[in-house]
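K.L.:
Quick one: the structure is below, questions incoming.
Every number here is computed from the coordinates shown, using simple stated rules; none is lab data. Since this is a predicted model, take the numbers as computed values, not measurements. Here the Cβ positions follow ideal geometry from the backbone for every residue, glycine too, while neighbour counts run over all protein chains shown.
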Amino acid sequence: MSEAVIRVVGLGKSYATAAGLFPALRGVDLTIQAGEYIAIMGPSGSGKSTFMNLLGCLDTPSVGDYFLAGERVAEMDKDALAQLRNRTLGFVFQGFNLLPRMTLQDNVALPLVYAGKDKDSRRAAARRMLDKVGLAAYAESLPSRISGGQQQRVAIARALVNQPRLILADEPTGNLDSHTSEEIMRLFGELNAEGITIVLVTHEPDIAAHARRQVRFLDGRLVSDQFTDACGDAAVGTLPESSLEGGAR
Amino acid sequence: MWKAMLGEAWLAMGANRLRSILTMLGMVIGVGAVVIMLAIGQGAQYAVQQSISTMGANLFILLSGSFTTAGVRSGSSGAPTLNVGDAEAISELEGVANVAPTHQGTRQLVYGAQNWSATVVGTTPPYLEARAWTIASGAAFGDSDVRSATRVALIGKTVAENLFADDDPVGKTMRIQQNPFTVVGVLGSKGQSFDGRDQDDTVIIPLSTAQRKVFGTPFLGSVRMIMVQAASADEMATVEKNVEALLRQRHRLREGMPNDFFSRNLSAVAESEAETTRTMSILLGAIASISLIVGGIGIMNIMLVSVTERTREIGIRMAIGARQKDILTQFLLEAVMISFAGCLIGLLIGLAVALGINFFTGMVVVISGSAALIAFVVAATVGIFFGWYPARKAARLDPIEALRYQ
């Protein structure tokens, strides 16, 4: 686990607004090793979504450097970013974001279309992934026919289909009840046990508790970085407890 | 990859069936209109070309000059200024295909108890070729008949029907001006001429016989009219000029004296008619293409709506690795598919309507493969042209913005 999957150095992002340049992220340093399971927390407006978009190669930073699997992302063009999104990482969204007109199998296989895979291998891989999340029986159904928790599992299957090293999950349980949330988190735990790095954005402490590392954002800065490994609660918090509580809702 | 994208484009079209069909309708009407207009325009051109070819191509006629007696002018071919010798001299000129001195008038024909009035043309055998006459039955008369002024006649279809009814005219004897003529052949049908005369209401007899027995002429060998056919359309002008120079020389006309004959170009009339139809069909096609453009704008409109509606879908696709090129291709493919499907339906409807017009009105329509091909190419072009902007708009969406779009 020596290789860093993600390494960001002085990462900053500013947006032009009517009131001038608004710094959403002001110099974040973070290194995530392969196989880590990390939760990113913080109130809305803290910059965690901006950070996720940058990690997900959906956006490019204003300042600083981002290395994804050793590659320098800041200098890449849009096609190269698309390729990273396609092969190196997988997205899981709060709203599942399945395409409503496609069968579950086609939804799962979609990243492989953009990877240029042929029809047979697309179908086989999609079946395998649906089987993995326990939904092989619904392969030919439309997303509207299954429950939210099931949809999220299909979305995870889609994120996994191109065998990425990294899963980015943005509030994956935000639209689910607590029971289904547990199921999803168990799935993430299993994936992490297989060696897939998982980065999770959430504002629910009990969801974040599933991760072995929690980082906290506030006003565009990383304010705490905690490991809750089996070996003990080794807190590396840099700010007083009160400010952390203000961040958690 | 392409197959998957085509499948998706098909799915997207099916997802909004009514809208897709309405969008297609613009193309259907556009392509249909172009196909119908081209069919009618080319049909008109074809009809004109047909009547030109029945008249004979590259023809001009020489008419003998007028004379004036006590202030009364006779009009053209009043004076016997042209003669058979002129015709023979003209036939020696380069670029001249056929020369036929003719003398014609209307005479009463009698066969048995029937009689009929028709145009009688006294001429020489080259006349048949110049006017593109064919022989339906029997045989044409030859030069020897002209030399010995035999009483033989070729009759047109109308004459045959009116005079001989059900009898076979070939070998029968009819009378023109009391003179018995043996019918040696029946001419092939040519139908109406440009000015509406029935070209089949004609009897053709040797020139010498006509002059001696039918019309009578004060100066044997003089003719009212010489028909000249140039070998090709390009040579018309040269031939006409050379013929004029030759005749002036033969008629001993000095510099400054007016011609004692008139020259009329027959093809010019026909060609201007052909030109008119051509212009007409281009105009029709152009008007029809406007509806194609309108159809194309309809596609663009709907594709823009579709891009806006599916902004979130585009965001999702981008998040899972679609490149700009992939999104561009997807939307372009949809636009092209709609325009192609519209084109295909339009083509079929256009063909059906064109055939219907032909069936119900008898108007000549020409359906050419090239017209269909043009319509297809245009449809694809319209699809790509008007699909390009919406597709580019989709491809250039910011993935984050697109994902947030509700």
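K.L.:
Taking a cut-off of 16 Å between Cα atoms, list the lysines near A:Lys48, but don't count ones fewer than 8 places away on the same chain.
P.N.:
A:Lys13
K.L.:
Using Cβ counts within 10 Å as a stand-in for footprinting exposure, how do B:Cys343, A:Cys57 rank, fewest first? Can you show the working numbers first?
P.N.:
Values: B:Cys343 31, A:Cys57 25.
Ascending Cβ contact count within 10 Å gives the list A:Cys57, B:Cys343.
K.L.:
Only loop residues by DSSP count here, and only those with at most 10 other Cβ atoms within 10 Å; note down the GluC sites (Glu not before Pro) in segment B:182-269 that meet that.
P.N.:
Numbers: sites: B:Glu235, B:Glu240, B:Glu244, B:Glu255; in loops: B:Glu255.
Filter output for segment B:182-269: B:Glu255.
K.L.:
Give me the angle, in degrees from 0 to 90, between the Cα long axis of helix B:2-15 and the longest principal axis of the Cα atoms of chain B, rounded to the nearest 10.
P.N.:
90
K.L.:
Hey, which of these cross-link pairs are over 26 Å Cα-Cα: A:Lys132/B:Lys325; B:Lys3/B:Lys393; B:Lys157/B:Lys213; A:Lys78/A:Lys132; B:Lys213/B:Lys241?
P.N.:
A:Lys132/B:Lys325; A:Lys78/A:Lys132; B:Lys213/B:Lys241, as the Cα separations exceed 26 Å there.
K.L.:
Something else: Where does the longest stretch of chain B lie that holds no trypsin sites (Lys or Arg not before Pro) found in a DSSP loop with 13 or fewer other Cβ atoms within 10 Å?
P.N.:
Numbers: sites that count: B:Arg197, B:Arg252, B:Arg254, B:Arg396.
By the stated rule (loop sites, at most 13 other Cβ atoms within 10 Å), B:1-196.
K.L.:
With springs connecting C-alpha atoms under 10 Å apart, model chain B as a Gaussian network and identify which of B:Ser281, B:Ser148, B:Ser193 has the largest mean-square fluctuation.
P.N.:
B:Ser148
K.L.:
Taking 2.2 N^0.38 Å as the expected size of a compact globular protein, what ratio does the Cα radius of gyration of chain A give against it, to two decimals? List each step's numbers first, then the result.
P.N.:
Working: Rg = 18.1 Å, N = 249, 2.2 N^0.38 = 17.9 Å.
Expressed relative to 2.2 N^0.38 Å, the Cα Rg reads 1.01.
K.L.:
I need to check one value: relative contact order of chain A, counting alpha carbon pairs closer than 8 Å and at least 6 residues apart, in percent. Intermediate results must be reported in sequence, preceding the final value.
P.N.:
On the way: 497 pairs, mean separation 64.6, N = 249.
Value for chain A: 26 percent.
K.L.:
Here's something else I'd like to know. How charged is the neighbourhood of B:Ser148? Take every other residue with its Cβ under 13 Å from the Cβ of B:Ser148, and add Lys/Arg as +1 and Asp/Glu as -1. Intermediate results must be reported in sequence, preceding the final value.
P.N.:
Details: positive: B:Arg147, B:Arg151, B:Arg212, B:Lys213; negative: B:Asp143, B:Asp145.
After counting each charged neighbour, the total is +2.
K.L.:
Could you give me the ³J(HN,Hα) list for segment B:399-406, computed from phi with Karplus coefficients 6.51, -1.76, 1.60 and θ = phi - 60°, whole Hz, x at Gly and Pro?
P.N.:
3J(HN,Hα) across segment B:399-406, in whole Hz: x, 5, 4, 5, 5, 7, 4, 9.
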